[in-house]
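The values are calculated or read from the model by the stated rules, or taken from the named source; none is laboratory data. Everything numeric here is computed off the predicted structure, so don't read it as measured data. Cβ atoms come from the backbone with ideal geometry, glycine included; neighbour counts cover every protein chain shown. Protein only, heavy atoms only, side chains kept; ligands, DNA and RNA dropped before computing areas. Shrake-Rupley method; radii C 1.70, N 1.55, O 1.52, S 1.80 Å.
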Amino acid sequence: MVETGSISIFLAFIISIYVLVASVYGVRTKKWDFVKSAENGAIAVLVLLIIATIVLLNSLLNLDFSLKYVALNTSTDLATIYRITSLWAGQAGSLLLWCLVLSIYTAVVVIQSRNKDRKLMPYVLATLATVSIFFIGIIAFVESPFEKLPFTPIEGRGLNPILQNGYMAIHPLTLYFGYVGVTVPFAFGMGALLSGQLGDAWIRYSRKWALFAWTFLSIGLLLGARWAYLELGWGGYWAWDPVENAAFMPWLAATAFIHSVMIQEKKGMLKKWNMSLIIITFFLSIFGTFITRSGIISSVHSFAQSDIGPLF
């Protein structure tokens, strides 16, 4: 089973590269079969990442301590619900979740946009594939959730008691759907720049995605604040924590973007400003991920120091 998960991630990485190349080649040569093939490839990436996630969940539930990730984040006395939530409690598992959520978004974009705006959409798909290549490459070659230990311990280290809270079953998922979700409107913005389609089409496509991501990001921040209050009692909210602020920054930029795009739609103004805002929003989501995973700040929110900080 473990080998199945590793192979699925590796294949997802290779196919993501193909999606990038085929979509760009197809639109530039007007060979639309390549674009269609790239769209099918995006669906295949989703299927492969679902398989990898199921394999890791199965290992967590069955306490396969031969896996480093399972040994570090679970134990025999851990309740079943927290064995499931340990999927996103550690570095490698949370990155796999990030890749899965991004692949879901990409698949939905592909399904909704089939045979629509042939000049814009292939570049949108290419942008999403580029981001996928980066994140899948990390879990394939640098921070694998399926890394094996040289020996199988009798007991695991267990889950941090602070993370054993009902809000931790919801807060990371909602935050990820918001955090990762800003990649989609960013992809539409990059698609507009790369294709030269700088009218209002990309705004119409991206506004609903931005609103969707903003909603989940808002819920995630509120749930995280409540969790922090229950566990640590820090004034009812956690606004001073650097990681919490790192998640709040893209929320602010996304809020500005959602309001600003309405002016472009109604009056044709602020076109450059809107493009700048969506780039800033995406940059802040990546920067926040860097803050969380590089080990450069001290926070109960952040992951241990690792080799992936410079990559971000």
Peptides 55-61, 270-276, 65-71 ordered by average Cβ neighbours within 10 Å, highest first: 65-71, 55-61, 270-276
Using a Förster distance of 45 Å, the FRET efficiency for residue 66-residue 262 (Cβ separation, nearest 0.05): 0.25
Sulfur and carbon atoms: percent of accessible area, the stretch 84-164 [1.4 Å]: 60 percent
Farthest positive-ward along the stretch 58-139 dipole, Cα basis, beta-carbon charges - from 136, 58, 74: 136
Accessible-area value, residue 205, 1.4 Å probe, nucleic acids and ligands omitted, Å²: 60 Å²
Extension gain, residue 79 back to residue 25 (0.36 nm per residue minus Cα-Cα distance, nm): 14.5 nm
Expected-Rg normalisation [2.2 N^0.38 Å, Cα atoms] applied to the chain: 1.02
Segment residue 283-residue 40, extension gain: residue separation times 0.36 nm, minus the distance between their alpha carbons: 84.7 nm
Relative contact order (percent, whole number), the stretch 11-92, Cα cutoff 8 Å, 6+ residue spacing: 23 percent
Spin-label pair residue 193/residue 215, simplified geometry with 7 Å Cα→Cβ offset, distance in nm: 2.8 nm
Cβ charges +1 (Lys, Arg) and -1 (Asp, Glu), total dipole of the stretch 1-87, debye: 440 debye
Normalised convex hull volume, the stretch 41-142, alpha-carbon set, Å³ per residue: 89 Å³
Helical segments meeting 24 Å axial Cα length and Kyte-Doolittle -0.5 threshold in the chain (DSSP H): 2-29, 32-61, 91-113, 121-141, 201-232, 242-267, 271-294
Zone residues, the stretch 54-83, relative to residue 1, backbone N less than 12 Å from point 7 Å out along Cα-to-Cβ: 54-67
Of all accessible heavy-atom area on the stretch 1-69, the percent that carbon and sulfur account for (1.4 Å): 70 percent
Violating pairs (Cα-Cα greater than 22 angstrom) within the set 36/272; 119/271; 36/116; 31/208: 36/272; 31/208
Difference of contour (0.36 nm per residue) and Cα-Cα distance, residue 245 to residue 230: 3.5 nm
Relative contact order computed over the chain (Cα-Cα under 8 Å; 6+ residues apart), in percent: 17 percent
Residue 152 accessible area, 1.4 Å probe, all protein chains in place, Å² to nearest 10: 90 Å²
Cα-based convex hull volume of the stretch 77-204 per residue, rounded to whole Å³: 125 Å³
